[in-house]
Amino acid sequence: MREIRTIVVTGGPCGGKSTAMGWIQQAFSRLGYTVLFVPETATELISGGVAPWTCGTNLDYQRCQIRLQLEKEKIFRQAAMTMPQEKFLIVCDRGMLDNLAYMTGAEFLQVLREEGLTEQEALLRYDAVFHLVSAAKGMREFYTLGNNAARTETPEQAAELDDRLLTAWHGHPNLFIIDNCDGFDRKMEHLVDAIAEALGVAAAV
């Protein structure tokens, strides 16, 4: 029987998401999963010239981002259904509720209604959510803008955004917070352990 599990890796700026993808690929490929990665939609759009400051309004931009996010997730699931393997882990680099940190609740609900979704449906489309705490909170010396052209936040802004993102996902029943308390490698190990726990398998770090 085909198994397709979908998770979100989110968190504040410079939380380690890019590095985390390599750790997830290595660990869960060993466990027999075909790992598929849905790229971060905001980075794709902003790098291509579509941004809150280039669109008519922030709502116009967020509407574009949410619609593209939905379509990408749909396409990755459809693609998995055509592949011969039996176990799939679809990893979304940010998910639907991330948008809530950048718009009002009323705006977010408006766009969801346009897409025929409720907030609960948007939350529960993912099996689990993993929030990587920004380096701006606890590892400030490692906070950098250099590894993401779409990142513009100061450390103070990054810490505030980290809080807003975590609040946006607070209603998910399988929300895991991966903090900075033990250093970066241990942070990645904690992430892999948490994903394994959510999938009901033994970790393979």
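Couple of notes before you dig in:
- Each Lys or Arg adds one and each Asp or Glu subtracts one; over the other residues with Cβ under 13 Å from the Cβ of Pro39, this totals -2.
- Restricting attention to the chain, lysine pairs at least eight places apart or on different chains and with alpha-carbon atoms under 21 angstrom apart total 6.
- Sites matching GluC sites (Glu not before Pro) across the stretch 53-122 that sit in DSSP coil, with at most 12 neighbouring C-beta atoms within 10 Å: Glu86
- Ordering Asp162, Asp179 from the fewest to the most neighbouring beta carbons within 10 Å gives Asp179, Asp162.
- Percentage relative contact order, the chain, counting C-alpha pairs under 8 Å, at least six apart: 33
- Extension reserve of the Val201-Ser29 stretch, reckoned as 0.36 nm per residue once the Cα distance is removed: 60.7 nm
- Sparse-neighbour loop sites [trypsin sites (Lys or Arg not before Pro); the stretch 1-52; at most 15 other C-beta within 10 Å; DSSP]: Arg2
- As a rough footprinting exposure proxy, the listed residues Asp193, Asp98, Asp60 were ranked by other beta carbons within 10 Å of their own, and the order from fewest upward is Asp60, Asp193, Asp98.
- For the chain, modelled as a GNM whose springs connect Cα atoms under 10 angstrom apart, the maximal fluctuation among Leu112, Leu89, Leu97 occurs at Leu112.
- Within the stretch 100-123, backbone nitrogen closer than 15 Å to the virtual label 7 Å beyond the Cα of Lys72 toward Cβ: 100
- Relative to the current alpha-carbon distance between Leu124 and Val50, full extension at 0.36 nm per residue lengthens the span by 23.8 nm.
- Cβ-based exposure ranking for Ser134, Ser47, in which fewest neighbours within 10 Å come first: Ser47, Ser134
- Label point of Arg2 set 7 angstrom out along Cα-Cβ; within the stretch 78-112, amide nitrogens under 14 Å from it belong to 78-90.
- Surrounding net charge for Leu100, when Lys and Arg each add one and Asp and Glu each subtract one, Cβ distance under 11 Å: -2
- For the stretch 37-70, the list of chymotrypsin sites (Phe, Trp or Tyr not before Pro) that fall in a loop by DSSP and count at most 13 other C-beta atoms within 10 angstrom reads Trp53.
Every read-out reported here was derived from the displayed coordinates using simple, explicitly stated rules and does not represent laboratory data. Bear in mind that the values here come from a model prediction, so they are computed numbers and not experimental data. Reconstructed Cβ throughout: ideal geometry from the backbone, glycine too, with neighbour counts over all protein chains shown.
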